[in-house]
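The structure appears right after this line, and notes come after that.
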Amino acid sequence: MTSHVRIRPDALSKVATAKGLRSRYALAKALGVSQSTVGRVLDGEQWPGNEFIAATINGLDIPFDTVFEVTVGEIASTHERTGVVG
């Protein structure tokens, strides 16, 4: 059975806006990751990897389940078919 961590972009957007981070650039800078990584994760082109998850939790000082969810046993996604990993 396959499990993945998914980001909830709407929730992350609300948290970022509440913290004064009004652009992907500002969010990337606050997290210490590249703007392209933020874009790929938020656009669903890449699963959030461990570093992105840790940076989000620590950089925004939020609990895991505020913006992430774990999915189990779902049908192969675009990420799995293309081999894109985060």
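The values are calculated or read from the model by the stated rules, or taken from the named source; none is laboratory data. Note that the structure is a prediction, hence the values are computed from the model and not measured. Counting neighbours? That spans all protein chains shown, and the Cβs are built from the backbone with ideal geometry, glycine included.
Things worth noting here:
- Within region 50-67, residues that are closer than 10 Å to V5 by Cβ reach partners that are crowded, with 16+ Cβ neighbours inside 10 Å and among the aromatic types (F, W, Y) with beta carbons closer than 9 Å, at six or more positions or on different chains, in the pairs I53/F68.
- Test: residue in region 2-12 that is assigned to a loop (DSSP other than H, G, I, E, B) and modelled with pLDDT under 95: yes
- Filter pass, T2 being among the hydroxyl-bearing types (S, T, Y), under 20 Å from V72 (Cβ atoms) and surrounded by fewer than 18 Cβ atoms within 10 Å (Cβ to Cβ): yes
- Of note, I53 satisfies the criterion of being surrounded by 11 or more Cβ atoms within 10 Å (Cβ to Cβ), in contact with a strand residue (DSSP E or B) (Cβ under 9 Å, 6 or more places away or on another chain) and modelled with pLDDT of 95 or more.
- Conditions (1) loosely packed, with under 14 Cβ neighbours inside 10 Å; (2) among the hydroxyl-bearing types (S, T, Y); (3) modelled with pLDDT under 95: number failed by S34: (3)
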